[in-house]
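What follows draws every value from the coordinates through simple rules; no lab data is involved. Values in this document were obtained by computation on a predicted structure and should not be read as measured data. Quick reminder, even Gly has a Cβ in these numbers, built from the backbone with ideal geometry, and neighbours come from all protein chains shown.
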Amino acid sequence: MSASYLTDGLTIRSWLATTDHKRIAILYAIAITGFFFVGGAAATIIRLELATPAGDLVGHDTYNKLFTAHGVIMVWLFLIPSIPSVLGNFLLPLMIGASDLAFPRINLLSWYLYVAGGLVTLAALFLGGVDTGWTFYTPYSTMFSNTWVTLVLVGVFITGFSSIATGVNFIVTLHALRAPGLTWFKLPLFAWAIYATSLILVLATPVLAITTLLVVAERLFQVGIFDPAFGGDPLLFQHLFWFYSHPAVYVMVLPAMGVVSEVLPCFARRPVFGYRAMAWAILGIASVGFLVWGHHMFVSGQSPAASLAFSLLSFIVAIPSAIKVFNWTATLYKGAIRFDAPMLYALGFVGLFTIGGLTGLFLASLTLDVHLTDTYFVVAHFHYIMVGGAVMAYFAGLHFWWPKATGRMYHELWSRIAAVLVFVGFNLTFFPQFLLGAQGMPRRYHTYPPEFQVLNLFSSAGAGVLAIGYLMPLAYFAWSLLRGAKAGDNPFAATGIEWQTRSPPPTHNFEIPPFVPPRPYDYDAQESGPASGLEVKP
Amino acid sequence: MTTGAWHLLGPQASTAAARTDALFLAMLLLCGAVAAGLCTLVVVFSIRYRRGANVDRTPPRDATRLEVAWTLTPLVIFFGIFAWSAHDYVGEQRPPPGALPVTVVAKQWMWKLQHREGRREINELHVPRGEPVVLTMSSEDAIHSFFVPAFRLKQDVLPGRWTRLWFTATEAGEFPLFCAEYCGTEHSRMIGRIVVMPPADFGRWLRSGPAQPSRAQYGFALFRQLGCSGCHDARSTIHAPLLDGIAGRTVHLADGRSVVADDQYLRDSILVPEKDIVAGFAPVMPSFAGQVGEEDLDALVEYLHSTGSP
């Protein structure tokens, strides 16, 4: 029996020069966790400041730099790479019976690009600070902000190449390296989701790269592109920015849907309901998602005709999301459901994503959006999608595949408590923000009228609970590495190909060619195992 | 200040607010029902089909019809919501004729407003109850956004162009005005209030205060002062287009295009005169970019409007 990928080389160099997709996934996990807690620290200070209406903790400029840092870090350094680069990197070859990604060295390059871009970004955000918001709206970002805008854009630009490299790698891998007999409609939905995500990364990220260059050109050389004082058009920036940044939302949430589509069937012991509809829905979201960017601009001054078209398309893109929610719910029907931590996170995802999606319908409605846009309603809405959705699913995936990646079980009781804390803390933090926004509290306000204080206090208190929920896994995952029970190859009796190899897998993934099941999610609720994961002990 | 029957969106003080709130309430009931239904299903399934429970788990048969149903039903409902909001939205686009004009100039971090009769205000706007008011807005620097929650209205204010917002206030009282588009250091201090007054009080208010020239009179003074009249005058020896009644007229250009001389055209003709050359004239006019501020531009255009209608 050959060594596992974890013990195949123990030097620092064997990690930093590795081309093993599993080790690169671990490198990503470490870097992303670091950035997540830096971005989370910024959010913590923001929520502390907003506990009172006055600006009594930090000054205006510091506050503006904090929400910019929070947004930039969480979007580009955490959410976009989280599930694809950590879970996707680790799982994609295992799920399709391959020994690695198609381009192992490009995979390592993409990690280095990510870390380099991330460090440049952090340097800009914390040495000088940037006060434009993560949206960099012109002409504020090009002509009026005297903060370190250029450097942070350089960081984002570099990080973008990491996204593109990863996207290309996943696309080629899925086309070229599937095990014999593993046809497209036998793929797990997670692989479908990563495929669609990669297409978005490859098609949209270049537009972001060009846009950052144009901003820098106007900022440094006064080339008139966005500022009307030089003959530019400030709305052009918003079109370019959202052409990338709206599909980027699907880069965050499609992989999350993929994770949940693996976890729910496993713990319900039922095949995922409507597999084909689920796969088509993923592709539908990815493609129509490219046509809805203008719904960020209903009050921007774009033409009413454009707003009408973007509103209609935004309703259409909600259809495949609705289908997915119905199918997940139907997957539970006639199941044999067990509530292990991954399942709790996945069920939490379904609930929070549903609220995020339904409130999205409010924002797609033109007259409601006129009132709600740029208020805390929008802040609450996208946190329900990105944090309630993407982060919950990331945690579901981390717990689900933790035994596969490390060979040890996480602590079941503590992780269930953390899942519940995250769910409660999240709702306490963000639900009041819907009410604040409905009453008209604008976003990005350092100080606010006193009538908004009560709801803000609830929100800040919730953030405290949420922070505890996010810190707990750090402790019990560390405990698991040292003391966790040995996991076995397939502790959850899951049907994915990745569970056929050892835990942790050997360097080249499979010692004997994996068996390709005749259909994905071949679960049978009528012969289910023990009633609770808490009873699973070695 | 009165409030609506329910307070979720705060006080309701414009004709638009009633329509927006009706849709909001409908959406809230619909989405609330959907969320509650899904939540109930998840909870019921979770309990009924928990591992170890003794229930029938025979797999359901083919459910294609169910899948089609839950694809088409939302589609129809979504089209319905779209149609409702689009109908309201289109109806809000055009200000009614005769709306009281007010110019708004946004700058870091204050609102400057001026009534047609000349009265100026800062971070405060007095309007009469029950009469339509139309705001013509521009920014001197970054993008701002004029947001009055009680009116359920918001419109970004951009540099280099005018955007327009109109409303009819329905309740007398004071309502907060926020800047809703992040614009730098003191974004959260860029707030003010809208004071809605009974029409008679508003008339008195408008006439009180220091005597000031109306915007059109001020614009005419600028027209002389900046030297515009030196060329654009019937007695001028320089060959330049006459501007009496220009606003709203169709203008034929040297390159064969025809455009309507709307406010944006007039603005561009002052700042970027080489952009649209009128047929039959030489491109001799210098740009006034940098010499004419936002408020002055507005006054010039107001003066051109006052010279007659097309």
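For the stretch A:20-98, taking Cα atoms only, Rg and Dmax work out to 17.0, 58 Å respectively. In chain A, a dipole from Cβ-located charges (positive for Lys and Arg, negative for Asp and Glu) runs towards its positive end, and of A:Ser85, A:Trp499, A:Val317 it is A:Trp499 whose Cα lies farthest in that direction. Compute the distance from the alpha-carbon center of the stretch B:260-289 to that of the stretch A:98-175, in whole Å. Spelled out, the Cα-based centre of one part sits 43 Å from the other. Rounded to the nearest 20 debye, the dipole magnitude of the stretch B:219-306 is 360 debye, with +1 charges on Lys and Arg beta carbons, -1 on Asp and Glu beta carbons, and the Cα centre as origin.
Each Lys or Arg adds one and each Asp or Glu takes one away; over the other residues whose Cβ falls under 10 Å from the Cβ of A:Thr19, this sums to 0. Note on B:Ser229 and A:Leu119: the model spin-label points, each 7 Å out from Cα along the C-beta direction, lie 6.8 nm apart. Cβ crowding within 10 Å, taken as a proxy for footprinting-reagent exposure, orders B:Glu121, B:Glu92 from fewest neighbours to most as B:Glu121, B:Glu92.
All other residues whose Cβ lies under 12 angstrom from that of A:Ala29 are scored, Lys and Arg at +1 and Asp and Glu at -1, for a net of +2. Can you give me the Cα centroid spacing of the stretch A:326-352 and the stretch B:64-106 in angstrom? What the calculation gives is 34 Å, centre to centre. Stretching the chain fully between A:Ala309 and A:Thr183 yields a gain of 41.6 nm (0.36 nm per residue, less the alpha carbon separation). Residues B:Cys39, B:Cys228, ranked from the fewest to the most other C-beta atoms within 10 Å, line up as B:Cys39, B:Cys228.
Computed over the stretch A:289-349, the percent of Cα pairs more than 18 Å apart is 55.
How high is the FRET efficiency from B:Ala18 to A:Asp524, r the C-beta distance, R0 51 Å, rounded to 0.05?
0.35
Placing +1 on the Cβ of every Lys and Arg and -1 on the Cβ of every Asp and Glu, with no other charges, gives the stretch A:435-538 a dipole of roughly 440 debye about its Cα centre.
Starting from the Cα gyration tensor of the stretch B:219-306, multiply each eigenvalue by 5, take the square root, and state the resulting semi-axes largest first in whole Å.
Semi-axes from the Cα gyration tensor: 19, 15, 13 Å.
For B:Asp62 and B:Leu8, a Förster radius of 51 Å and the Cβ-Cβ distance give a FRET efficiency of 0.75, rounded to the nearest 0.05. What shape does the stretch A:59-205 have by the C-alpha gyration tensor, where a ≥ b ≥ c are the square roots of the eigenvalues, rounded means a/c under 1.5, and otherwise prolate means a/b greater than b/c and oblate the rest? Since a/c reaches 1.5 and a/b is larger than b/c, the shape of the stretch A:59-205 is classed as prolate. Can you list the lysines whose alpha carbon is less than 22 Å from that of B:Lys107, not counting same-chain residues fewer than 8 positions off? Cross-link targets: A:Lys65, B:Lys154.
Once you reduce the stretch A:13-35 and the stretch A:206-260 to the center of their Cα atoms, the two points are 29 Å from each other. Computed over the stretch B:100-207, the P(r) curve from all C-alpha pair distances, binned at 10 Å from the origin, holds 16, 53, 27, 4 percent per bin. Taking a point 7 Å out from the Cα of B:Ala35 in the direction of its Cβ, the residues of the stretch A:342-367 whose backbone N falls within less than 18 Å of it are A:347-365. Each Lys and Arg Cβ is given +1 and each Asp and Glu Cβ -1; about its Cα centre, chain A then shows a dipole of about 1060 debye. All other residues whose Cβ lies under 13 angstrom from that of B:Thr136 are scored, Lys and Arg at +1 and Asp and Glu at -1, for a net of 0.
Of A:Lys22/A:Lys324; A:Lys186/A:Lys404; A:Lys186/A:Lys324; A:Lys22/A:Lys334; A:Lys186/A:Lys334, which ones are farther than 25 Å apart at the Cα? Beyond 25 Å between Cα atoms: A:Lys22/A:Lys324; A:Lys22/A:Lys334. Computed over chain B with a Gaussian network model linking Cα atoms closer than 10 Å, the most mobile of B:Met137, B:Met110, B:Met285 is B:Met285. Here the spin labels are modelled as points 7 Å beyond Cα on the Cα-Cβ line, and at B:Asn123 and A:Arg276 they lie 6.4 nm apart.
Kirkwood radius and radius of gyration were both taken over the C-alpha atoms of the stretch A:452-538, and their ratio Rg/Rh is 1.16.
Seen against the Cα atoms of chain A and their longest principal axis, helix A:60-72 is set at about 30 degrees. Note that chain B shows a convex hull volume over its alpha carbon atoms of 206 Å³ per residue. Pick from B:Ala106, B:Ala26, B:Ala169: which residue has the top mean-square fluctuation in a GNM of chain B where Cα pairs under 10 Å get a spring? Among B:Ala106, B:Ala26, B:Ala169, the largest GNM mean-square fluctuation belongs to B:Ala26.
Could you tell me how many degrees, from 0 to 90 and to the nearest 10, lie between the Cα long axis of helix A:189-221 and the main elongation axis, the longest principal axis, of the Cα atoms of chain A? Between the helix axis and the principal axis of chain A, the angle is about 30 degrees. For a Förster distance of 41 Å, can you work out the FRET efficiency between the beta-carbons of B:Thr237 and A:Asp61, rounded to the nearest 0.05? In this case the efficiency is close to 0.15.
Express the Stokes-Einstein translational diffusion coefficient of the protein assembly as shown in µm² s⁻¹, to the nearest whole number, given a Kirkwood radius over alpha-carbon pairs, 20 °C and a viscosity of 1.002 mPa s.
For these conditions, the coefficient is 74 µm²/s.
Against chain B, whose longest principal axis is taken from its Cα atoms, helix B:215-225 shows a tilt of about 40°. Remark: relative contact order (the stretch A:385-538) = 31 percent; criterion is Cα-Cα distance under 8 angstrom and separation of 6 or more residues.
Extent along the principal axes, Cα only, for the stretch A:21-521: 66, 45, 43 Å, with the longest axis given first. Dipole of chain A computed with +1 at Lys/Arg Cβ and -1 at Asp/Glu Cβ about the Cα centre; of A:Thr159, A:Tyr394, A:Phe382, farthest Cα towards the positive end is A:Tyr394. Of all the options B:Ser139, B:Ser287, B:Ser214, the one that moves most in a Gaussian network model of chain B with Cα springs shorter than 10 angstrom is B:Ser287.
With contributions of -39500 (n - 2.57) from each DSSP H run of at least four residues, the per-residue ellipticity at 222 nm computed over chain A stands at -21000 deg cm²/dmol. With a cut-off of 18 Å on the backbone N, the residues of the stretch A:380-403 near the modelled label site 7 Å out from A:Phe431 along Cα-Cβ are A:380-389, A:392.
Among B:Arg57, A:Arg483, which comes first, then next, by fewest other beta-carbon atoms within 10 Å?
Going from sparsest to densest Cβ surroundings: A:Arg483, B:Arg57.
Percent relative contact order of chain A, based on C-alpha pairs within less than 8 angstrom and at least six residues apart? Spell out each step's value before the answer.
Numbers: 912 pairs, mean separation 95.6, N = 538.
About 18 percent, as a whole number.
In the stretch A:213-351, the ratio of gyration radius to Kirkwood radius, Rg to Rh, stands at 1.16 when only Cα atoms are counted.
Counting only DSSP beta bridges whose two residues both lie in the protein assembly as shown, roughly 70 percent are antiparallel.
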